[in-house]
Amino acid sequence: MIMALLTISVSAMFFTACSSDDDDNGNTEIKGDYIATTDVKTATLRDNKGGLKGLTIYEEFNNKYTLSLSWGQMCLIPHIRTGGKWELNYDSHVQGAPLRNINIIDCGKLSSISDVTSKVEIIEHYHDWPSAQPGHGYAACFLTENGTEEYLRIYISNYKLDGDGALESITVEYQLY
């Protein structure tokens, strides 16, 4: 009986010692100074020709961020809940009404989303959207309700042109990291 208990105890210690808290299903990537902790997602964005609708990539009760293709540009659009509904989060007191608490940059031509390793800083009064380019990666960031920065990486893996040769849609891979 003592031998059986000893065997069970040693086996339990062995299995506990050899177990791992790492994410074994491929959802975590450690590369340099960051750890990607969410799945890579894929979506098709159609050019909305200046509209504010887009793919919601992050949402809290009072903040929402959408990814959009508008006039051939990659747009990260901040929304804020005001009076119970979503409105564009911009600074109406600054000329050009720049958007708040975001930044997005073109990292150039890359092989895959995992090649996007840059982390950008928030630009308080953001104006410039980078052009959407097939095979390019983009690094973005935005501010959460509690004031922390979240980072987003994006990769354009495919595109479709309309009958006139204009950009109609892009296929993006995106991931918070």
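Do you know which residues across region 153-177 are assigned to a loop (DSSP other than H, G, I, E, B) and either buried (at least 21 other Cβ atoms within 10 Å of the Cβ) or under 22 Å from the mean Cα position of the chain (by Cα) (or both)?
Residues of region 153-177 assigned to a loop (DSSP other than H, G, I, E, B): 162-166, 177.
Hit for region 153-177 is 177, nothing else.
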### Query
What is the number of the single condition among (1) hydroxyl-bearing (Ser, Thr, Tyr); (2) surrounded by 13 or more Cβ atoms within 10 Å (Cβ to Cβ); (3) modelled with pLDDT of 95 or more that residue 112 does not meet?
(2)
### Message
Restricting to region 118-152, count the residues that are surrounded by fewer than 16 Cβ atoms within 10 Å (Cβ to Cβ) and β-branched (Val, Ile, Thr).
### Response
3
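Only one of 113, 80 is of a type in the set (Val, Ile, Thr) and closer than 18 Å to residue 177 by Cα. Can you tell me which?
Values: 80 fails: closer than 18 Å to residue 177 by Cα.
None of the other options fit; the residue is 113.
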### Message
Here's a check for you: in region 50-103, which residue that is more than 19 Å from the chain's Cα centre (by Cα) and β-branched (Val, Ile, Thr) is modelled with the lowest pLDDT?
### Response
94
### Query
Can you tell me which residues in region 119-143 are farther than 20 Å from residue 40 by Cα and in a loop (DSSP other than H, G, I, E, B)?
121, 122, 124, 125, 127, 128, 129, 130
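The values are calculated or read from the model by the stated rules, or taken from the named source; none is laboratory data. All values reported here derive from a predicted model rather than from experimental measurement. Every residue, glycine as well, gets a Cβ built from its backbone with ideal geometry; the counts of neighbours run over all protein chains shown.
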